[in-house]
1. Go ahead and run the numbers for FRET between B:Asp205 and A:Arg63, Cβ-Cβ distance against an R0 of 56 Å, rounding to 0.05.
2. Can you tell me which of B:218-230, A:379-391, A:148-160, A:38-50 comes out highest on packing, and rank the rest after it, using the mean Cβ neighbours within 10 Å?
3. Would you please give the residues with an amide H less than 5 Å from that of B:Glu376, counting only those at least 5 places away or on a separate chain, with H modeled from the backbone geometry?
4. Can you tell me what share of the DSSP beta bridges in chain B is antiparallel? A percent to the nearest 5 is fine.
5. Taking Cα centroids, how far is the stretch A:87-123 from the stretch A:386-406 in Å?
6. With the crude spin-label approximation of a point 7 Å out along Cα→Cβ, what separation in nm comes out for A:Glu152 versus A:Val56?
7. Please report, for B:Glu152, the nm distances (one decimal) from its label point, 7 Å out from Cα along the beta-carbon direction, to the equivalent points in the remaining copies, shortest first.
8. With a point put 7 Å past each Cα toward its Cβ, work out how far A:Arg273 is from A:Leu6 in nm, to one decimal.
There are 2 protein chains.
Amino acid sequence: MDSRRLGELNEAAALGHLLERGPLTRGDLRELTGLAKPTASDVVRRLRAAGLVRVVGRTSRGRGPNAEVYAVDPDAAFAAAVSVRAKDSTLVTAVCDLAGEVRARTETPVDFAHADAAPAVHDAVRVAARRAGVALRRIGHVQLGVPGSVPEGAEVIHHVDVPGWGRPGVVAEIRKRLRTRVTADNDVNLAAVAERRHGIASGVDGFALLWLGEEGLGLAIDLGGTLLRGARGGAGEVGYMPVGLPPAGGVHDFHDLVSGSAVRDLARRHGIRSRTGHAAVTRAVSTATSEATGTAAGKTAGAAARTVDTAASTGAAADEFLDALAVRVAVGVAVVVAVLDPPLVVLAGEVGRAGGGTLATRVERALRELSVLHTEIATTGVREDAVVLGALDTSLASVRRRLTGLDP
Amino acid sequence: MDSRRLGELNEAAALGHLLERGPLTRGDLRELTGLAKPTASDVVRRLRAAGLVRVVGRTSRGRGPNAEVYAVDPDAAFAAAVSVRAKDSTLVTAVCDLAGEVRARTETPVDFAHADAAPAVHDAVRVAARRAGVALRRIGHVQLGVPGSVPEGAEVIHHVDVPGWGRPGVVAEIRKRLRTRVTADNDVNLAAVAERRHGIASGVDGFALLWLGEEGLGLAIDLGGTLLRGARGGAGEVGYMPVGLPPAGGVHDFHDLVSGSAVRDLARRHGIRSRTGHAAVTRAVSTATSEATGTAAGKTAGAAARTVDTAASTGAAADEFLDALAVRVAVGVAVVVAVLDPPLVVLAGEVGRAGGGTLATRVERALRELSVLHTEIATTGVREDAVVLGALDTSLASVRRRLTGLDP
DNA sequence: CCTGTTCGTTCAGGACGTGAACATTTGTTG
DNA sequence: CAACAAATGTTCACGTCCTGAACGAACAGG
């Protein structure tokens, strides 16, 4: 540890504050870092020389000269994210600048069965970069979101349905081609990152995100901003969680209870016929909700009447279906709460989102009857593609960490 | 950040290495910290002046002058631990020096119903310190181990059976009386700390410790050395974990499956009668094991014969009982593995220890049949009182952190 | 226009750290 | 046994970074 290193640390601290709190004057920086006036000037000078920070204006408050306002140069670095979507065979790619502004977003259809992963990703990123007007070289990190278990640091992805992506060394190949830092993570984990940054879990100490997808079930565990991955990246593989004792027969694991098809079948048994689970839930919620808020829905009287017409007989059925589903979900949540005690559980995925507040409330109620332990339950607050959003955040965080010297 | 602070950081780094790797020469220190020769000398000088480091000898390897060997002064600071044991109404107290050497260990019977917590703990620590020949003032940290949930940083303990210990502010009162840093943690968590330092989980990335106690059930989750506590300190309250679906009736939570009395009853149903669960397991293991290793047990032929005599008819019963128990335990483990994916699950507590390798093997087998996911399962490797040992480690770690300036 | 504030720079000084040179000790070797 | 090689630890000159105080300059308000 050298005096030089000391300087770097101070630079990093200042840059960190600029990244987190936006434009600042030298005075602000002085206060935040605790540095002396001349030193603050020095640090800013160095950051500007490095092309990381720019003058973006001047204050005009009070008397005395107007202080210069500094901000991180958005063009100083870029980050990219790629979401591997099995369900519609596309790579969704996004590029953002150092300020977090999304510069481009593309969707590339890929025939995973016949195309190699590495060239496909390389192409997707190249196209997105071009559209963003950014040289590929300037992208500091590419974060992949994959539907599978990704062990910490390891380069193999387990339980992937996408052909070619389960092969050892995929990530390394992609890295070699892109010549950047490339990391992969489970898509539900990335959705949780988005939930923390842009969703309902922004201020929370930690939370568990239960992904009730049409094609997959998952649990992401956020502990104060870091995700729990498990030894083989298998943390949150709740689909395999046994429910019920083995000799009892019938229901065996959580997947049998709340997978897309299980939900669809449950709905069917309550007289609600749909092609997918989340469609069934959407319909059930609309009838159940319109019943409950029927009297208050003065403005949408016409719509309400129409709904009641078609659902008159199914209103009670919808209620029963939702309650039955809530109990099933609550069984899983109860286990998670007993093991992890998260302050918040977020329901996401197609089914979770379709259930909305209606389902969340019922799950919370069911949980109270099922277990002494309880916790707050909410629905996802992320509107856009949570996986891409989360991957972009993760990617950007990595770029920032390296700029601030916290990463090698 | 000042030059002074830079010096402190280097001191801290050197001290840290001395604490972790034992006695070192200036040369070793130079290599480990990357400092220049004169600076290393300087750092050592400062550490010696602060009374933290002592010369403990000289090398005599190779040519050149013999280097001085430095080590942390064991008497530079002390740490204490107190285990609150409800089952036999005692406070077990231990004091160790900065090197980790236990200097004293006492057991004080306390009538929790009539004695206040703070004075009782104060007395216990005072006595232990005197026996260790250490002034109370020199004890830098007191770590309490309590059978209850302790939220991170909060001062209330939930779900405690010990009278007076559930009252808000207990920890603060104790702190006020002892005039030191005082923290409290769940006893199972502390047992996990001991498991990592002195037990079977020494080199592992992380592990889950399933405490199968006669009077309590718990799960400690170790993630690379830090323990997961949960929002309300309720992480690992697996006793409340629901097993089976609600309408199914009968078995409701994990506690009903593997608590001490549940184990005892299960044994009884297999014809093994004991007053406690772990006694039943001990007997079952001895018969089951002697059967399996009967031929190889040449030396203890007499003992084996005796065992076979009394167990001839119960050998099969013992096997069945152990397998049934293993399945029950495996249900809980399967859930933990699905949620957390730990590289290792350690069985501890009276029942877990009684089960030994025999039970661990059977649980591992049962798990394989129950779930796709699996993990290594082992029995606790801690011989002594794990709670006190873990509390002492935690306490010492806190003292060291403060010395190295990592803690405020 | 003067005055009090606030911004940013200049300046002298302090704390640390570094590399090179040097004295010193100690084992090896011819 | 003397010469040599290798390792230890100190001294010295110099560099980097940070600090407090003083200073000049810009700006709002009376």
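The values are calculated or read from the model by the stated rules, or taken from the named source; none is laboratory data. Note that this is a predicted model, so its numbers are computed, not measured. Every residue, glycine among them, receives a Cβ derived from its backbone with ideal geometry; neighbour counts consider all protein chains shown. Surface accessibility is based on the protein's heavy atoms, side chains included, excluding ligands, DNA and RNA. Shrake-Rupley method; radii C 1.70, N 1.55, O 1.52, S 1.80 Å.
1. Efficiency, from the Cβ-Cβ distance: 0.40.
2. Details: B:218-230: 21.1, A:379-391: 22.6, A:148-160: 18.7, A:38-50: 15.9.
Order by mean packing, descending: A:379-391, B:218-230, A:148-160, A:38-50.
3. Under 5 Å from the amide H of B:Glu376: B:Val345.
4. 65 percent
5. Answer, in whole Å: 17.
6. In this crude spin-label approximation the distance works out to 3.5 nm.
7. 1.5
8. In this crude spin-label approximation the distance works out to 7.9 nm.
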